[in-house]
1. Suppose we filter Ala43, Ala35 for residues that are under 30 Å from Val84 (Cβ atoms), among the hydrophobic types (A, V, I, L, M, F, W, C) and either surrounded by 10 or more Cβ atoms within 10 Å (Cβ to Cβ) or without any contact (Cβ under 8 Å) to a residue 24 or more places away in the chain (or both); which single one remains?
2. I'd like to know if the stretch 47-64 contains one or more residues that are touching a Lys or Arg at 6+ places or on another chain (Cβ under 7 Å), in contact (Cβ under 8 Å) with a residue 12 or more places away in the chain and assigned to a strand (DSSP E or B).
3. Residues in the stretch 52-85 that are of a type outside the set (D, E, K, R), within 27 Å of the chain's Cα centre (by Cα) and surrounded by fewer than 10 Cβ atoms within 10 Å (Cβ to Cβ): how many?
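Please treat every number below as a calculation from the coordinates, not as lab data. What you are looking at is a predicted structure, and each value in this text was computed from that prediction instead of being measured. Here Cβ is always computed from backbone atoms with ideal geometry, including for glycine, and neighbour counts include all displayed protein chains.
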Amino acid sequence: MPRSPLELATLPDKTRHHGEAVDFVNDLQHLHQQAQRNLELSAAKYKSDADKKRREIGPVEVLKCINPNSYRVQLPSHLRRSNVFNVKHLSPFHGDNLPPDSWTNLSPPAGT
């Protein structure tokens, strides 16, 4: 005994797909792939432009630990920029005589 008229309705067959719906899904997938490629190309261009202005600064002396995230370092005099860096922009120096897997001490000089 059906309880409502909706229980008498036939359910659509989900194994068959309407042609226009399939075309729409395919077009949408193609559009997403094209947008992804464009985003990757754009990101690569921005990275290339940013890398042109990037300068590697060799080993520098840590002058002072301002806080756990900020360090004041001794920069070469020809660089006209702040000498305070976030710790995420610093990396430990591996001396020429040290094996590549050893880390040097990044702690600030004594008394600072």
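1. Ala43
2. Taking the stretch 47-64 as the starting set, the residues that turn out to be touching a Lys or Arg at 6+ places or on another chain (Cβ under 7 Å) are 63-64.
Adding the requirement that they be in contact (Cβ under 8 Å) with a residue 12 or more places away in the chain leaves 63-64.
With the extra rule that they be assigned to a strand (DSSP E or B), the set shrinks to 63-64.
Yes, some residue in the stretch 47-64 is touching a Lys or Arg at 6+ places or on another chain (Cβ under 7 Å), in contact (Cβ under 8 Å) with a residue 12 or more places away in the chain and assigned to a strand (DSSP E or B).
3. Within the stretch 52-85, residues that are of a type outside the set (D, E, K, R), within 27 Å of the chain's Cα centre (by Cα) and surrounded by fewer than 10 Cβ atoms within 10 Å (Cβ to Cβ) number 4.
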